[in-house]
Amino acid sequence: MKTLLRVKGIVKRFPGVLALNGVNFELQEGEVHTLLGENGAGKTTLMNVIFGLYKPDEGEIEIMGKKVQIKSPHDALKYGIGMVQQHFTLVPSFSVAENVILGLPGENLQDAVKRIRDISNTYGLDVDPNAKIWQLSVGERQRVEIIKLLYIGARVVILDEPTAVLTPQETKALFKAIRKMKENGTGIIFISHKLNEVMEISDRVTVMKKGKVVGTVKRGEFDQRKLASMMVGREVVMEVEREKAKPGEVVLKVDNVTAKSDKGHSALNGISLEVRAGEILGIAGVAGNGQRELAEIIYGLREVESGKVELLGEDITNKDVLYRILKGISYIPQDRKGVALSPNLSVAENLHLKRQTKGFFYNHDKVYKRAQELIKKYNIKTPSPDVAVKYLSGGNMQKVVIAREFELKPKLIIAVHPTRGLDVASMEFVYRSLIKARDEGAAVLLLAGELYEIFNLSDRVGVIYEGEIVGYTTPDPTPENIEKIGLMMAGVRA
Amino acid sequence: MNIEGLITASVRLGTPLLFATLGEIITERAGVLNLGLEGLMLVGALSGFATSYMTGNVWLAFIVALIAGGLFALIHAFMSITLRVNQVVSGLALTMLGSGISGVLGKAFVGKPAAKFNDIYIPGLSNIPVLGAFFKMDAIVYLGYILVPVLYIIIFKTKLGLTLRAVGEEPSAADSRGINVFLVRYIAKGCGGALTAAGGAYLSLAATSMWIENMSAGRGWIAVALVIFSAWEPFKALVGSYLFGFVMSLQLRLQAMGVAHVSANILLMLPYLITVLTMILFSFNKNFRNRVGAPSALSVPYSREEKM
Ligand SMILES: Nc1ncnc2c1ncn2[C@@H]1O[C@H](COP(=O)(O)OP(=O)(O)O)[C@@H](O)[C@H]1O
Ligand SMILES: [Mg+2]
């Protein structure tokens, strides 16, 4: 087997951060080499260096045994390296085919449409070449990104956390395509947090931590436990301990609510549920079955068409968000950078955002001081409270959100995919925080995609399907119960 | 008021606007906002006039204006693309610089006559009743007629246009396909600046044959609004420019007839008013909003390593 790519001693510094500290990595023909590591470990930075987006401060890159300089993606593409970035690089107003031929000399649109269809069929990457990108779902967009690479015959394919945005079915399809690429001798660098996926697809796994390689292990030499412990440097007990819930009065009551999605389709179809003080109600379901809309009607971000929302017996259906915040509703949205935080404001300012203080002026010293305390209390890793929050890793951003929300001593917490994209340590932190809030008497509504998360945290489990709760069950991870939930997620009523 | 006369006046008054608007469309399609159109037009007007005064060759003068505009626009390109200065500020700086430089250097040319583009009657077409008026114009007007479909085809039907629009919509997408975002933006700026300056040159080489200080008289700002009105499309730019040429000619006529003394300021306000109204109307239509609009990366400098 030939070595397609080898990097040696890569060092990359950002202002105040040593993102890569002497990294070695290699990729062979026809292998899936997974890069695993906590958030902020430097995985994306390494890939950006290989793809020519970042200029390394030190180190060498070899392609097929020859030393090369990669100064831009243009160079990378020339050497057959392609990358699907975490944030897609597609022009929304262009069609799929236009995005594919962009930058390629001597391609014409009609031929491209045909070739895209061929590639789609061969690799099972279903997408309409004439559709506009803005019309496509996230999963479809990712397929377009992959087709872009297959179209130019990339030998090295980098996939940066491709499964973070996919449904289980879409992940399956992606893995099929990856296997097909392997057969043709393409080398794939796969980045993911999800250990079960890593187990399934990888031929080799390299674990990174704080800008360094911890080690590389071959298939057969690793299992989930081993990988997890390599990642965090200690055995992780993902089973979070907790007491039995002591549910109190009903805090949230959603009664027969209907609402529309952004696109104007009906998203909630007469949904009803209750959450009591001191309990966590986990809602399982396939993404896109009304989870986001449910959270938004409770928090007041989305209009209710019919039905009622009650908080502690008070009808709040038509109240605005501020009123609900003051009444004790907290929201941990799925979108950390856009909805939960204001990326360009500092950590201190973001921590201050929802506090209601008297007077017209804002006291920087006080805000700064309080931020320092919260940074300590919640163990937020940031160079200073004055750093823009966008520079933090995902896990630390989520800590900022949690610190801000939980300091308000909420009566009701709505958490949507609260650990999406987080590393194991941050995940554990989020779990503990939610359980602590519960034990202090908050009602928690958890909307999550991962079943283990639901099992780990919930006191009761409901399943949402097409904007309705189709049934409830217990959070027992027994095979029978999992099957039962699976059936409900597919719309079969309990 | 005969219709032919109106057509002639509208087109003549609209042509400087058309060139300036087309120039800015190219620039903005690449994602760079240039508010320095007024300055560019003045540079074009003066450099063109000076060349024509000294050589008597109007075509040479026109080409010099194009080159001067292209180079002058590169100042803005350097500030906004390389140094990543705020584009509103750098655009305003360009306007002030342009009017300052042309004011100082132009002192020597005030009140002097120079050569001028003559009208060319297109055989056959100019004999058509009424509409023939469109074909009794000077060469630059005809150049405008040709430029509109040519630019339309380049922007929407060619790979070059695809690249240009990608750079303005989603530079990271272009970059990831090996396109040099900075180079494309520089070239678009240069070409756009040249066209805008041509609009200015029209004022001193065709509409009149003299140099008057600040002779662009706010047309650069009207063009900025026309770009939005035209939804960044050449054909709509043509309609918008001539429509506004029509409004300006009405004003002149009304004043000449002594009927009413409509303030020039009110008329200058019209394109902005029309732009605001169109945008309000368009914003009601969701489909439209999705498809047409400012290039997404407009006025956002591109950088690979800077985090968003
Ligand atoms: N463009 C950038 N500017 C400043 N810091 C950056 C930039 N890109 C990454 N970093 C920092 O480098 C470190 C590694 O980040 P990254 O490679 O994104 O991690 P991962 O992909 O493993 O989660 C983090 O501390 C991150 O904040
Ligand atoms: Mg990453």
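Readers should treat all values here as calculations from the given coordinates under stated rules, not as data from a laboratory. Keep in mind that this is a model prediction, so the values were computed, not measured. Note that each Cβ is placed from the backbone with ideal geometry, even for glycine, and that neighbours are counted across all protein chains shown.
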Notebook entry, point to check: So what is the relative contact order for region A:3-232, in percent, with contacts set as C-alpha pairs under 8 Å and at least six apart?
Noted result: 29 percent
Next item on the list: Above 54 angstrom, tally the Cα pairs of the protein assembly as shown and express them as a % of all pairs, no decimals.
Entry: 24 percent
Next item on the list: Compute the relative contact order of chain B as a whole-number percentage, counting only Cα pairs closer than 8 Å that sit 6 or more residues apart in sequence.
Entry: 36 percent
Next item on the list: Return the inverse of the average 1/r over all pairs of distinct C-alpha atoms in region A:351-426, which is the Kirkwood hydrodynamic radius, in Å to one decimal.
Entry: 13.5 Å
Item checked: Ordering of A:111-122, A:422-433, B:29-40 by packing [mean C-beta count within 10 Å, highest first] -> B:29-40, A:422-433, A:111-122
Check: Kirkwood hydrodynamic radius for chain B: how many Å is it when counted over pairs of different Cα atoms?
Finding: 19.8 Å
Margin query: My understanding is that a pair violates if its Cα-Cα distance is over 25 Å; which of A:67/A:172; A:246/A:411; A:194/A:327; B:157/B:236; A:308/A:358; A:354/A:381 do that in this structure?
Written below: A:67/A:172; A:194/A:327; A:308/A:358
Next item on the list: For region A:3-232, give the share of DSSP beta bridges that are antiparallel, in percent and rounded to the nearest 5; count only bridges with both residues there.
Entry: 60 percent
Next item on the list: Straight distance only, please: which aspartates and glutamates reach the Cα of residue B:107 with their own Cα at less than 14 Å, same-chain residues fewer than 8 apart left out?
Entry: B:213
Next item on the list: Can you grab the distance from the C-alpha centre of region A:362-389 to the C-alpha centre of region A:447-492, Å, no decimals?
Entry: 38 Å
Next item on the list: In debye, nearest 20, what is the charge dipole magnitude of region A:3-232 about its Cα centre with +1 on Lys and Arg Cβ and -1 on Asp and Glu Cβ, if you could check?
Entry: 460 debye
Notebook entry, point to check: Given charges of +1 on the Cβ of Lys and Arg and -1 on the Cβ of Asp and Glu, with all other atoms neutral, how large is the dipole of the protein assembly as shown about its Cα centre, in debye to the nearest 20?
Noted result: 1340 debye
Checklist line | Positive-end extreme of charge dipole, chain A - chosen from A:391, A:272, A:185 (charges on Cβ) | finding: A:391
Next item on the list: Return one number: the angle in degrees, 0 to 90 and rounded to the nearest 10, between the long axis of the Cα atoms of helix B:159-169 and the longest principal axis of the Cα atoms of chain B.
Entry: 70 degrees
Note to self: Per residue of region B:65-71, what does 6.51 cos²θ - 1.76 cosθ + 1.60 with θ = phi - 60° give for ³J(HN,Hα)? Whole Hz please, x for Gly and Pro, Karplus curve as stated.
What the structure shows: 4, 4, 5, 4, x, x, 5
Notebook entry, point to check: Taking amide H positions as placed 1.01 Å from N in the peptide plane, with prolines and chain starts having none, which residues 5 or more places from residue B:211, or on another chain, fall under 5 Å of its amide H?
Noted result: B:111, B:112
Item checked: For chain A: relative contact order, % (alpha-carbon pairs under 8 angstrom, 6 or more apart) -> 15 percent
Item checked: Helix A:138-151 axis, angle to chain A major axis (alpha carbon atoms, nearest 10°) -> 0 degrees
Next item on the list: Using the charge dipole of chain A (Lys, Arg: +1 at Cβ; Asp, Glu: -1 at Cβ; taken about the Cα centre), state which of A:307, A:86, A:139 has its Cα farthest towards the positive end.
Entry: A:86
Next item on the list: Give the order of A:417, A:87 when sorted by the count of other beta carbons within 10 angstrom, beginning with the fewest.
Entry: A:87, A:417
Next item on the list: For the protein assembly as shown, build the charge dipole from Cβ charges (+1 Lys, Arg; -1 Asp, Glu) around the Cα centre, then report which of B:238, B:225, B:184 sits farthest towards its positive end.
Entry: B:184
Notebook entry, point to check: Given H placed 1.01 Å from N in the peptide plane, which residues other than close sequence neighbours of residue A:194 have an amide H under 5 Å from its amide H?
Noted result: none
Checklist line | Total charge dipole magnitude, region B:3-302, about the Cα centre, Cβ charges on Lys, Arg, Asp, Glu only, Debye to nearest 20 | finding: 320 debye
Next item on the list: State which entries of A:8/A:78; A:66/A:148; A:132/A:210; A:182/A:226; A:253/A:377 exceed 30 angstrom in Cα-Cα distance in the structure shown.
Entry: A:132/A:210; A:253/A:377
Next item on the list: Go through region A:26-34 residue by residue and turn each phi into a ³J(HN,Hα) via Karplus (6.51, -1.76, 1.60, θ = phi - 60°); whole Hz please, and just put x for glycine and proline.
Entry: 9, 9, 9, 4, x, 10, 9, 9, 8
Next item on the list: Search the structure for amide H atoms under 5 Å from the amide H of residue A:378, placed 1.01 Å from N in the peptide plane, and list their residues when 5 or more places away or on another chain.
Entry: none
